[in-house]
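Participant: Got a structure for you, written out below as structure tokens; questions coming shortly.
The values are calculated or read from the model by the stated rules, or taken from the named source; none is laboratory data. The model shown is predicted, which means the values in this text are computed figures rather than measured ones. Cβ coordinates were reconstructed from backbone atoms using ideal geometry, including for glycine residues, and neighbour counts include every protein chain displayed.
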Amino acid sequence: MQIDAHHHFWNPARGDYDWMPEDNTTLNRAYGPADLAPHLAAAGIDATILVQAAPSIAESEYMLGIADATPHVAAVTGWVDFENAAHQDALARLAGHPKFRGVRPMIQDIPDDDWMLREDVRWGFDAITALGLRFEALGFPRHIDNFLTIFTRHPEMKVVIDHCMKPQIAAPDETAFRQWADGMARLARETSAFCKFSALITEAHADWQTEDLRPYAEHVITAFGAERVMWGSDWPVCRLAGEYTEWRAAALELTAGCSDAERRAIYGGTAQNFYDLDL
């Protein structure tokens with residue numbers, strides 16, 4: 001079973017993708033199942049995880065509608081407003097959909113790095129845990145300490161770290177690498193969090209080579225173990241740095257030294273387990 005554990009569909013005409021540059025022709029266009037289908041077929045992907053890209057309830061409902069009509073979408077990670085406790089009812093309603101699996105606040109875009117520690121947003125983590133949903137941690141290395149606090153405060157919450165916590169690859173710096181590596185090792189050691197092996201090419205420089213990514217990939221797989229690492233394309237965002245097939249090929253090269261069992265986990269088994277997929 002081959003699973004792409006992280007991709008998006010969007011339609012900018014919906015009007016809630018505030019982060020999307022209007023002059024970026026790669027991103028600022030509609031992407032749907034028909035656009036992704038050839039890439040899934042070429043890579044032999046059986047199922048996918050569709051992840052939110054806009055901070056709105058409408059985005060969650062939009063994705064669930066796509067999931068209903070798209071067999072390969074096995075699970076959806078949506079969004080609710082942690083700053084609005086009234087959204088607890090909306091979260092409970094969304095959780096009733098058989099493909100709704102988790103929530104991802106767009107923490108990387110929130111100016112206050114301590115936002116997640118605020119008492120008024122704590123209900124969100126409590127509700128995710130109570131409903132048996134998953135929390136997707138979208139941030140940067142500077143958020144690691146606060147994520148560690150949140151994960152240990154909510155030990156029963158199922159957590160996956162998106163995009164290897166977006167390490168600084170484009171401008172290699174030994175101090176930055178060590179801080180990221182030590183922080184990720186702590187998250188792996190002190191919590192039960194999983195990690196998505198995704199988006200490394202978009203954190204690299206424009207002329208990236210597979211070997212530029214190797215220290216980061218190897219550290220994550222070593223720290224978390226293959227049973228807690230899952231590959232994701234981050235399509236179509238990955239197209240800023242390379243096509244689906246290019247990132248897939250790079251990932252396969254980076255994991256060529258893993259055992260067959262480890263590769264089965266990274267490219268399918270871990271995601272199937274984490275998202276509780278009946279495939």
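Participant: I'd like the full set of residues that are over 18 Å from the mean Cα position of the chain (by Cα) and among the hydroxyl-bearing types (S, T, Y), limited to segment 200-218.
Facilitator: Answer for segment 200-218, where residues must be over 18 Å from the mean Cα position of the chain (by Cα) and among the hydroxyl-bearing types (S, T, Y): just T210.
The rows are residues; the columns are (1) without any contact (Cβ under 8 Å) to a residue 12 or more places away in the chain; (2) under 26 Å from D35 (Cα atoms); (3) among the aliphatic types (A, V, I, L, M).
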site: V237; (1), (2), (3): no, yes, yes
site: L252; (1), (2), (3): yes, yes, yes
site: G269; (1), (2), (3): no, yes, no
site: D278; (1), (2), (3): yes, yes, no
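Participant: Right, next: Would you mind listing the helices (runs of 4 or more DSSP H) fully within segment 168-279 where at least 1 residues are surrounded by 21 or more Cβ atoms within 10 Å (Cβ to Cβ) and touching a helix residue (DSSP H, G or I) at 6+ places or on another chain (Cβ under 8 Å)?
Facilitator: 174-190, 200-203, 210-224, 244-254, 270-274
Participant: Can you give me the number of residues within segment 1-39 that are exposed (fewer than 11 other Cβ atoms within 10 Å of the Cβ), of a type in the set (D, E) and more than 23 Å from I107 (Cα to Cα)?
Facilitator: Going through segment 1-39 one residue at a time, the tally reaches 1.
Participant: Continuing with this model, one more query. I'd like to know if segment 199-217 contains one or more residues that are of a type in the set (A, V, I, L, M), farther than 25 Å from T26 by Cβ and modelled with pLDDT of 95 or more.
Facilitator: Scanning segment 199-217 turns up no residue that is of a type in the set (A, V, I, L, M), farther than 25 Å from T26 by Cβ and modelled with pLDDT of 95 or more.
Participant: Could you list, in sequence order, the residues of segment 80-111 that are closer than 17 Å to Y275 by Cβ and either touching a Pro at 6+ places or on another chain (Cβ under 8 Å) or of a type in the set (G, A, S) (or both)?
Facilitator: Residues satisfying the conditions are A95, G96, G102.
Participant: With segment 40-148 as the region, which strands (runs of 3 or more DSSP E) entirely inside it contain at least 1 residues that are over 24 Å from Y17 (Cα atoms)? Full working, then the answer.
Facilitator: On the way: elements: 47-51, 73-78, 100-103, 134-137.
Hits in segment 40-148: 47-51.
Participant: Identify the single condition in (1) under 22 Å from L277 (Cα atoms); (2) in contact (Cβ under 8 Å) with a residue 40 or more places away in the chain; (3) in a helix (DSSP H, G or I); (4) of a type outside the set (S, T, Y) that F151 does not satisfy, given that it satisfies every other one.
Facilitator: Among (1) under 22 Å from L277 (Cα atoms); (2) in contact (Cβ under 8 Å) with a residue 40 or more places away in the chain; (3) in a helix (DSSP H, G or I); (4) of a type outside the set (S, T, Y), the lone unmet condition for F151 is (1).
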